[in-house]
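Structure first, then comments.
Just so you know, all these numbers are worked out from the coordinates, no wet-lab data involved. What you see is a predicted model; the values in this text were computed from it and never measured. Here the Cβ is made from the backbone with ideal geometry for all residues, glycine too, and neighbour counts use every protein chain on show.
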Amino acid sequence: MTDAAAPPPQAFRVETVGGASRIAAVGAGVMLLVLVTLPALAGRNLIQDLIFLFYMLSLAQCWNLLAGYAGLISVGQQAFVGFGGYLLFALTLKAGLDPLLAIPIAGLATAIVAWPAALIVFRLRGAYFAIGTWVVAEVFRLSFAQVKGLGGGTGTSLPPSATSGVFGIEWVKTLFDVRTPAARDIITYWAALALLAGTLTVIYALLRSRRGLALGAIRDHEAAAAGLGVDIYRVKLAVYVASAAMTGMIGALIYLQKARISPDAAFSVLDWTAYVIFIVVIGGIGTMEGPVVGAIVFHLLQRYLADFGAWYLILLGTLGITVMLFAPRGIWGLISERYDVTLFPIRRRLVVDGAGGEVKQAKKSTPARTAS
Amino acid sequence: MALLETRNLLAFYGDFQALYGIDTSVDTGETIAIIGANGAGKSTYLKAIAGLMQGSADSVVFDGQPIGSRPAAAVMKLGIALVPEGRRLFPSLTVEENLLIGGDRRKMSGPWSLQRVYSLFPILKERRSSATPTLSGGQQQMAAIGRALMSNPRILLCDEISLGLAPIIIADIYAALPRIKAEGTSVVLVEQDIAQAMKVADRVYCFQEGRLSLAGRPRELTREQIHRGYFGA
Amino acid sequence: MTGWLDALIQGVLLGGLYALFAAGLSLIFGVMRLVNLAHGDLIVLAAFVILVLAERLGLDPFAAALVALPVLFVAGFALQYFLLNRTLGRDLLPPLLVTFGLSIILQNGLLQLFSADSQRLRSGTIETASIPLGGGIAIGVVPLLTLLCAITVIVILNLIFYHTRLGRAFRATSDDLDVAQLMGIDISRVFATAMGVAFTVIAISALYLGLRANFDPTSGPARLLYAFEAVIIGGLGSFWGTLAGGIVLGLAQTIGARIDPEWQILSGHLAFLVVLVLRPRGLFPRALD
C-alpha cells in the first residue's frame, strides 16, 4: 500500500573512504616506490637514518594499537624488543639460520612467549597493568643476563660472517656496485621497510575490520561494549599478542642492524618505551597518522639535539608533559581538527541516500579518545 | 523576598537540554514538592541548585546572592544540603562517620547535631559503628538525610527519598519531615510518590519535559490538573 | 642452617624498607587512584635533598631528614595542586604519561646536578652497628630502625585515615568524588594534602634508602617496581597489607640471594608474579573495588 504523503524509503550505507584518503592512497603507492628504489641513489647515512625512522615508527604504531585503540597502556614493550633481538642472535649464531628467516621466527616465538605473559599481567588493571608489564620486561632482562651462551650480563656481538651470507646479498652487491657492509645495510633497509609496511597494513586491516569496530567500542566505553556482547578479554588478548609478535620482529631487525646486543640495551626502557611513547604522544594517540608525524619530529630532534645528553632528555620529558596537558591529541590531532583530514580512513561514516538521489552525508564519528 | 529563587534556569547534558527556563521560589520554612514523570528534569533541577551543574550566576539566587555559577562545595557552605538520589553514603565510612562528615565543613550553630540526628532516627544510633552497606535501604536513607542535616542547612534538597523503599518505611521517613520543618529548615522534595509528597508539601511544582507545567498548593489542585501537568494534554 | 635463618631475618628487615617505599604509593593510589610512575625517582630526589641538607648544614642525615620533611611536604602539595591535579579525570593516560615524563625529567635533572656517581648518606658509627643475637647472627641497627620506622609510619597513617577529620575526607573522596564535594570538601586541596603526606613518607623512606645502600640518579625505577610489587602482594586498600607485602618481597629476595646472589632481584619479581597468578587481589586485600 503506497501513500503519496509517506516519505520514500531511505537507504543507508556505511562508508570508510573519503576524499583525502583516496589521494593519500595514491600518494602512499608512489612513496613506497620511491623508498624501495632509494638505495640506488642514497648514501649509507641516509639509509641508516631511514632504518632508524622505519623501526621507531613501527614500534610506535604497535604501541599506539595497544594504548590508543585497545586501552592497554604498556610500559614494558621493551620485553618483546629484547626478546626478538636475542632470538635473532640465538638463531643466527647458534643455529646458523639466515637472519632474514630468523626475523619472522623471532616474531612467532615472541607471540608464544607473550601469551602466558599476558595471562598473568591481565590480572592487573589500568596503571597497575602498566607497571606489571614493566616487571615482566625486567624479568626478561634479568633472565637473559643469566644466559651465558649469549654473553650473559655483558652481551655479545654478531660477527660479520654470520650476516655476510644473508639471502640476496650477492645480488645487491652487483646491482648497486657496493661492498658487503653497504649491501648488508641495504638489505636491512628493505627488511625494515617491509616490516613497516607490514605493520601498517596489519594494523590498518585490523582497525577496518569488525574486530576494529569492537576495539573502538572498547576504547570508548568498555562497560557498554561488554553489554553489547563484545568479548573484551579475548579481543585485548589477541591485540596484545599480535602487537608483541610485531614488536618481536622489529626487535630482531633492530639487533640485526646493531649487530651487538646486551641485556641492558635490549631491554632498555628509555630506548624502546620512553622514546616510543614520546613519538605517539607528540604525534597523536589513537590515530594511525599521529605516530608518523611523531616519528619524523622525533627523528629530527634526535638528529640535532641528542648530543645535549641529559638536557635533551629533560626537553623531551617536558615536551611530552606539555603536549599531554595542553594538546592531548598531539600534532596530528591539531592538524586534523583544523582541516578535517584523514589519511588512513578508519572511522565509519553514515551516508543517507535522500529522496531524488541526493546523498546527504551525516558524519557520525567518535573522536579518538584515550582509554579510561 | 524568597529564600531561594531560580530564574530562567537552564541545564544541558552536552547537547541535550534538560531544563528550559525554570522559575521557582522557596520561602523560609516552606516545604516544596517537585513532581513529574521520569526524565522530566527534577533531579537535574536539584543538581543545578546544589552546584553539581554550573550555569549563569543569577539563574539561582540564594538569600539575595547569585550562586548559579558556584561549585557544589561552595554552595554547601552557604547552607544548601543535598540528599542525593540513591542515598550514596560513603562505604568506607561508618554510619557515625558519614554523619560527622556531613557537618565537617560547615560549623554552624543550629538545631542539628549528632545527638539530635540520633533522636530523629534512633536506629542510626544503634548502628553507629556499622559499615553503611550493611544497612537496609530505609536505614541508609535515614543516614543520608541525617548526613545532610548535620551541616545545619537552611535548605534541605531531597532527591527521591522514597525510591526503592517499602510503603511502611517511606511512612517512617516522612514522619521525620515535620520535625525537620519545625526547626525552620526549608525542604525541597523531588518525589515519585505523589501522595506522600502532597501530604507534607506547602506548595507543589510539576515538571514536564524540562518545563514547569503546574504550580500551586496541594489543596487547591485537582486530580485532573495534576494528571495533565504530569503527562501533558 | 644459620645461613637460612640469617636470610629470613634480613628478608624481614629488608621488607621494612620496601614497606616504606610502598606506603607512599599505596596512600596516593588509595586517595586519588593515581599511580605515580615517578614515585621511585621522587624517593631518589628526596635522598639527594637530604644529602645536600646534611652537607650544607653540617647535619646528621637523621636531622637533615627532619628538616627535609616540611620542605618535601610543601613540594608534594605544590606538585599535586599545580600539575598532577590537571591530569586526573576519567582518562587513564594523562596521569600515567605525565608522571612518566616527570620520571625522565627527574632522572636527567639529577644527573645534570649531581653526575652519575653513587652516593650514600653517612651517619657515622650507627651504619655498622649491630645487635648480636647469638649463634653468629646479628641484626644491623639501621635495618632494624628501618623496620621499626616502617611500622611507626603505618601506625600513623592508619591513625590519620581512621581517626581524623582529614582521614575521613581522604576516604570519602576516594569513595565518591561528587558526593564528597556535596559535603563541602575541596577536592583539589584534599588531593594536594594527600600528596604532601605521601612526600613526607617518601622523605623517610629516602633516609633509610640512603643509609642502607648506595643510590644514584638512575636508582628510581627499581624502587618504583619494589614499591609496586609490595603493594600488589600485600593487597590494595590496607596499609598493614602493604607491610606484609614488603616483607614477603624482602624475604623472596634474600632467600633468592641465598641460592645465588645474582638471583636476588629476579627472585623478588618471580615471587610477585606467582602471587599475581595465585592471589590476584593480594594476600590481605581490603579495598572494595
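How much length would be gained if the chain were fully extended between B:Ala74 and B:Asp58, taking 0.36 nm per residue of separation minus their Cα-Cα distance, in nm to one decimal?
4.2 nm
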Phi-based couplings in Hz for the range C:59-74 (Karplus 6.51, -1.76, 1.60; Gly and Pro marked x): 9, 5, x, 5, 5, 4, 5, 4, 5, 5, 3, x, 4, 6, 4, 4
C:Leu59 paired with B:Tyr13, simple spin-label distance in nm, labels 7 Å along Cα-to-beta-carbon: 5.4
Order of C:Thr152, A:Thr342 - criterion: other Cβ atoms within 10 Å of each residue's Cβ, fewest first: C:Thr152, A:Thr342
Positive-end residue, the range C:2-278 charge dipole about Cα centroid, Cβ charges, pick of C:Ile151, C:Val12, C:Leu225: C:Ile151
Trypsin sites (Lys or Arg not before Pro) restricted to the range C:8-94 and DSSP loop, no more than 13 other C-beta within 10 Å: C:Arg90
Length-normalised contact order for chain C - Cα pairs under 8 Å, 6+ apart - percent: 37
About the Cα centre, charge dipole magnitude for chain B (Lys/Arg +1, Asp/Glu -1 at Cβ), debye: 440
J(HN,Hα) series, the range A:26-40, from Karplus relation 6.51 cos²θ - 1.76 cosθ + 1.60, nearest Hz, glycine and proline x: 5, x, 5, x, 4, 4, 4, 4, 4, 5, 5, 8, 3, x, 5
Rounded to the nearest 20 debye, dipole of the protein assembly as shown from Cβ charges on Lys, Arg, Asp, Glu: 520
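To the nearest 0.05, what FRET efficiency results for A:Arg303 and C:Ser115 with a Förster distance of 22 Å applied to their C-beta separation?
0.25
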Point-to-point label distance, A:Phe326-A:Val30, nm (Cα→Cβ direction, 7 Å offset): 3.6
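Taking a threshold of 31 Å on the Cα-Cα distance, which of the pairs B:Lys125/B:Lys199; B:Lys77/B:Lys181; A:Lys236/B:Lys47 fall above it?
A:Lys236/B:Lys47
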Nitroxide proxy distance, nm - points 7 Å out along Cα→Cβ at A:Arg179 and C:Val274: 5.5
Shielding by partners, peptide B:139-152 (average Cβ within 10 angstrom, other chains): 1
Positive-end residue, the protein assembly as shown charge dipole about Cα centroid, Cβ charges, pick of B:Gln225, C:His269, B:Val190: B:Gln225
Charge dipole (the protein assembly as shown, unit charges on Cβ, about Cα centre) - positive-most of C:Gly282, B:Leu157, A:Leu256: B:Leu157
Amide proton proximity set for B:Leu214, modelled H, under 5 Å, gap of 5+: B:Cys206
Under 5 Å, built H, 5+ apart or other chain: amide partners of B:Gly21: B:Leu9, B:Leu10, B:Ala11
Exposure proxy order (Cβ contacts within 10 Å, fewest to most) of B:Phe207, C:Phe62: C:Phe62, B:Phe207
Sum of -39500 (n - 2.57) over DSSP H runs of 4+, divided by residues of the protein assembly as shown (222 nm, nearest 500): -19000 deg cm²/dmol
Relative contact order (%) - the range A:11-362, alpha-carbon pairs under 8 angstrom, separation at least six: 32
Over chain B, relative contact order from alpha-carbon pairs under 8 Å, at least 6 apart, %: 27
Residues whose placed amide H lies under 5 Å from that of C:Gly140, excluding near-sequence neighbours: C:Ile131
Karplus 3J(HN,Hα) series, Hz, for the range C:11-19 with 6.51 cos²θ - 1.76 cosθ + 1.60 (x for Gly, Pro): x, 5, 5, 4, x, x, 5, 5, 5
Neighbour-count order for A:Ile112, B:Ile180, fewest beta carbons within 10 angstrom listed first: A:Ile112, B:Ile180
